[in-house]
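Data first, discussion second: the structure below is written as structure tokens.
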2 protein chains.
Amino acid sequence: MADGTGGLARAVLRDQLRERLLARILDGEFAPGERIVESHVMKEYGVSQAPVREALRDLEAMRFVESFPHRGVRVRLISERELAEMYPVRAALEEVAGRAAAPVVTDDVLALLADEIEAMRAATRDGDVHAVLVHDARFHEIVFETADNALLLDVWRSLHAEIRALVTYTRVRVGLTEIVESHVPILQALRQRDAALAGKEMRHHIEHFGALAFREKTARPD
Amino acid sequence: MADGTGGLARAVLRDQLRERLLARILDGEFAPGERIVESHVMKEYGVSQAPVREALRDLEAMRFVESFPHRGVRVRLISERELAEMYPVRAALEEVAGRAAAPVVTDDVLALLADEIEAMRAATRDGDVHAVLVHDARFHEIVFETADNALLLDVWRSLHAEIRALVTYTRVRVGLTEIVESHVPILQALRQRDAALAGKEMRHHIEHFGALAFREKTARPD
DNA sequence: CCGTGCTCGATTATCGATAATCGAGGAGTC
DNA sequence: GACTCCTCGATTATCGATAATCGAGCACGG
């Protein structure tokens, strides 16, 4: 058993490797565009090639890396153009989630959502940008889970890489408070169980920040 | 990258195995709920365990099979509910594609779309259901390609709408002619370069058949 | 007769090694 | 000097074998 390096010897190796590698990608230790060589990872964690390959394949499905036959795996470089492309897709998905979630949301879930907003506010006061983003993502994830559509949730999760990269771009341009408070109308629409309104608020929420983030280059013909 | 039928990704065993296994699942040779044993597939195709595992993992990501650690892989029962879940997601994506494609569509593309409709009509006359679905899928794919949003195209492809539609068709009888002719309003909206209308037609197109196939559970308040 | 623990066959998860493939860089030619 | 061909090092794709794990069936005690 490989216990010389980091003490990963419990569950399925593939999953542990995936989490480790993902953390390193998000920390920027693996820079975008940089290659991730299987043999290096093998030696570093003292495991064999197979679990490394499968972990990397999982990360590919999550869109954090890309791979080409015989040419290996590299951290996906997410261009500003791709981020711009994400907004209409994400906006549409969030609208679907809002519409589906509103009629079936329970008071418990509403409380959870309110908690997340509170947590975002607290993190904002502490200046903890990372925590804000975590609770932001969690807020949206709760809505998608409530929508009770496994396929929808799956597709949304596959956008994680883009969403993650997105916040790095927008971090400096948009105030944290504005981000946090813009979740309130969504919660209110859900409280009213108004499907159309909830969908609209979800859509606007995404489109608003999309327009903010790319206002200098969006020459959208309307 | 998610390759559809790109062309030069042939030599990789994993991909070939995935296609073979998928065909067998769809043919019903592997019944829903039935286990797929790695060692059996190994011997049957004369390959090693690694490519089999990776092919099965791909199929898992596509939701055609499910796997549990140390307990192997089994064919997922694609429930009617799951098929129903696809429709709102797909409808939203198609609307985005229609809106994006309409302002930039060329006459060449419009001609291609008209050709696909003609091909669908011909296939209908021949009673070739599979061909109809292929050209149907191609019609929509052309619209997504025209939308010029790589992420949107990627997400749409990940739905494998053609395959799911096939499954739907085998369960719910919908008139072929109705399917084919319902593409005409989309083409007309694109001809007018009317983004909002094209999006709306795309959405209605999908929602219509979703409602037909699963009318008992869609109770959209309107 | 029923429940419990154990053994065994089947299967997966992982390993270490080999074959196939790619990209860079040097020798040779015009 | 620029281009082409070829070799070589690096890396991936696949293989065959071993270790870990699970579930079913059986012996045993209550």
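Results, tabulated for the structure shown:
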{"quantity": "Matching entry among A:V89, A:V132, A:V109 (being under 15 Å from the mean Cα position of the chain (by Cα), of a type in the set (V, I, T), modelled with pLDDT of 95 or more and assigned to a helix (DSSP H, G or I))", "calculated": "A:V89"}
{"quantity": "So A:R35, is it modelled with pLDDT of 90 or more and basic (K, R)", "calculated": "yes"}
{"quantity": "The stretch B:39-87: number of residues that are on the phi > 0 side of the Ramachandran plot and within 12 Å of DNA strand D (Cβ to nearest atom)", "calculated": "3"}
{"quantity": "Evaluation of B:V89 against (1) of a type in the set (A, V, I, L, M, F, W, C); (2) within 15 Å of DNA strand C (Cβ to nearest atom); (3) under 19 Å from B:F214 (Cα atoms) (one fails), failing number", "calculated": "(2)"}
{"quantity": "Condition broken by A:E29, with the remaining ones in (1) more than 8 Å from DNA strand D (Cβ to nearest atom); (2) touching an Asp or Glu at 6+ places or on another chain (Cβ under 7 Å) satisfied", "calculated": "(2)"}
{"quantity": "Options B:M62, B:M42: the member that is in contact (Cβ under 8 Å) with a residue 40 or more places away in the chain and of a type outside the set (F, W, Y)", "calculated": "B:M62"}
{"quantity": "B:L187 vs. criteria at pLDDT 95 or above and either touching a Phe, Trp or Tyr at 6+ places or on another chain (Cβ under 9 Å) or among the hydroxyl-bearing types (S, T, Y) (or both)", "calculated": "yes"}
{"quantity": "Residue, nearest to the chain's Cα centre (by Cα), within the stretch A:69-85, restricted to residues that are at pLDDT 90 or above and within 13 Å of DNA strand C (Cβ to nearest atom)", "calculated": "A:R74"}
{"quantity": "Search result, residues across the stretch A:21-66 that are more than 11 Å from every other protein chain (Cβ to nearest Cβ), more than 16 Å from DNA strand C (Cβ to nearest atom) and in a helix (DSSP H, G or I)", "calculated": "A:L22, A:A23, A:R24, A:I25, A:L26"}
{"quantity": "Sole residue being crowded, with 19+ Cβ neighbours inside 10 Å and not in a loop (DSSP other than H, G, I, E, B), chosen from B:A97, B:A114, B:A122", "calculated": "B:A97"}
{"quantity": "Subset of the stretch A:113-170 that is of a type in the set (D, E) and within 14 Å of chain B (Cβ to nearest Cβ) - its residue that is farthest from A:R24 (Cα to Cα)", "calculated": "A:D148"}
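The values are calculated or read from the model by the stated rules, or taken from the named source; none is laboratory data. Note that the structure is predicted; figures quoted are calculated from it, not measured. Using ideal geometry, Cβ is built from the backbone for each residue, glycine included, and neighbour counts are taken over all protein chains shown.
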